[in-house]
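What follows draws every value from the coordinates through simple rules; no lab data is involved. Since we're looking at a predicted model, the values are computed, not measured. Cβ: placed from backbone, ideal geometry, glycine included. Neighbour counts: every protein chain shown.
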2 protein chains.
Amino acid sequence: MASAEKSRKQLATDNADERIRARNVLKILKAATEIFSRKGLDGTRINEIAELSGLPKGNVYYYFSSKEEIYKATIAHLINSWDQAFRHISADREPAEAIEAYIKAKLEHARRNIAETRLFANEILQGAEHLPADARQHMREVTAEKAEVLNAWVAAGKLAPVDPRHLFIMLWSATQFYAEFEALACDALQVGQLKASDYSSAARTISETVLNGLMPRM
Amino acid sequence: MASAEKSRKQLATDNADERIRARNVLKILKAATEIFSRKGLDGTRINEIAELSGLPKGNVYYYFSSKEEIYKATIAHLINSWDQAFRHISADREPAEAIEAYIKAKLEHARRNIAETRLFANEILQGAEHLPADARQHMREVTAEKAEVLNAWVAAGKLAPVDPRHLFIMLWSATQFYAEFEALACDALQVGQLKASDYSSAARTISETVLNGLMPRM
DNA sequence: AAACAAGTTGACAATTTGGTCAACTTTTTT
DNA sequence: AAAAAAGTTGACCAAATTGTCAACTTGTTT
């Protein structure tokens, strides 16, 4: 009897098993991210998630055992993406080029993942009580590592002396802002909507301003 | 009969009338600001406000008729302070000095009003649905006015060409960040707590970075 | 096609929550 | 000191909300 056939069938079964489940879990997580990102854990009603995902509430509970579990799942989804853009800060690149690439990547990431970015902000606002310890540890390590890169650049005279902590805060905050304050910024600054071109010019403004400030004077 | 005495008495009465009320309303607003700033309108339970303010729930409802009314009151409290720091941006000052003063003032304001600043962020996250129309209008006017000042500086050759919109976003976001992300930043950047000295050095870093980038090259 | 597993659903119970109220105490006025 | 006004309180109600479940439908395996 074909063990090959068996395993093929088994595989087909597994895929099928997972198809519906995967699709619905995704639906739920997407809807949950959207609502959690605006209202936080306590402010979100499971009914809202159910409605937005198009599933009846009972069905949501078929996949997740509680609201908090959904929330944790959205947070877990978030964590990996945190340091994607950070890769650009590497010691073997030229500071100006690396920092510019980082700013661009981070802004692009915020633009493409507005809800996730807002969710992250909201989780922080609430005191980051659901950010797992290992995620914090990971962030700490990555940050320390990249701070070292900056310090090395400064030591090599390639970058004006700067406290990496505050530089990171400037860059994080600026990119964060575009996701979080989009509505307000559009209102107060009297622009219609922040389009891709605005993000480009934002990246340019930030890069130019920061880089001019940080390149060593000769 | 002494009308002087009458008015003195009346005054005493008015003061007394207002003493208890004013004290309790303040207690409630302070507690509400703290909790709203973390959990938003929907995420906040009136019981939490009551407990934190030290008053029984029934008493809270003696002063406010609904949760939303408390929320609106906290928002109203907030609005006036929004453009305090903005005063520094005035056409008759030198750009470098004025912008530096603005950054300092805005950071100092965030440091002294962390809960209010967070509340503002949270209100924005939720879509600014409770920000009154006149408040939006006011923000729009002030922003446009200050953008004009920047443009005039650029036109006079006192400032490198810059899009005021993105510059404002950089400055707003950096100052906002210190209130909102304090907990996370402390964690990720491995500092204990952001102290006054950190805010000073933040102000210095932002000023130097931004100003170096914006002063015209000769 | 029969048996089984996976997924769907609305009705339902238990708890929480926003808000009310009548009885009560304290403060102010006359 | 008596009356009136302001403030306090916990018990209470109706609505909302979380989470459960048994009956049901759909998909999969043999």
Q: Place a +1 charge on the Cβ of each Lys and Arg in the range A:79-214 and a -1 charge on the Cβ of each Asp and Glu, then give the dipole magnitude about the Cα centre in debye, rounded to the nearest 20.
A: 180
(Q) For A:ARG140, place a label point 7 Å from Cα along the Cα-to-Cβ direction in every copy; what are the distances to the other copies, in nm, shortest first? (A) 4.7
Q. In A, who owns the beta-carbon nearest the axis carrying A over to B, and how many Å from it?
A. A:GLY43, 2
(Q) If I stretch the segment between A:ALA133 and A:ILE79 completely, what's the gain in nm (0.36 nm per residue apart, minus their alpha carbon distance), one decimal? (A) 18.3 nm
Q | Cα-based helix-to-principal-axis angle, B:95-112 vs chain B, degrees rounded to 10 | A | 30
Q. Hey, for B:MET215 with labels 7 Å out along Cα-Cβ, what do the inter-copy distances come to in nm, ordered shortest first?
A. 1.7
Q: For A:ARG19, go 7 angstrom from Cα along the Cα-to-Cβ vector, then report the distances to that same point in the other copies in nm, smallest first.
A: 7.7
Q. Looking only at other chains, what is the average number of their beta-carbon atoms within 10 angstrom of each beta-carbon in A:175-186?
A. 5
Q | Neighbouring partner chain Cβ atoms per residue of A:32-39, average, 10 Å criterion | A | 2
(Q) Report, in listed order, any pair from A:LYS72/B:LYS104; A:LYS146/B:LYS106; B:LYS158/B:LYS195; A:LYS39/A:LYS158; A:LYS39/A:LYS104 with a Cα-Cα distance greater than 32 Å. (A) A:LYS72/B:LYS104; B:LYS158/B:LYS195; A:LYS39/A:LYS158
(Q) I'd like to know which of B:LEU167, A:ASN47, A:LEU29 lies farthest towards the positive end of the charge dipole of the protein assembly as shown, counting +1 on Cβ of Lys and Arg and -1 on Cβ of Asp and Glu. (A) A:ASN47
Q. Suppose every K and R has +1 on its Cβ and every D and E has -1 on its Cβ; what is the size of the dipole of the range B:28-93 about the Cα centre, in Debye to the nearest 20?
A. 60
(Q) Per-residue counts of other Cβ atoms within 10 Å, averaged by peptide: what ranking do you get for B:116-122, B:200-206, highest first? (A) B:116-122, B:200-206
Q: Take peptide A:135-142, look around each residue's Cβ out to 10 angstrom, count Cβ atoms belonging to other protein chains, and average those counts.
A: 2
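Per DSSP H run of at least 4 residues, take -39500 (n - 2.57); add these up for chain A, divide by its residues and hand me the 222 nm value, nearest 500 deg cm²/dmol.
Numbers: 10 runs with 165 residues, N = 218.
Using -39500 (n - 2.57) per qualifying helix, the result is -25000 deg cm²/dmol.
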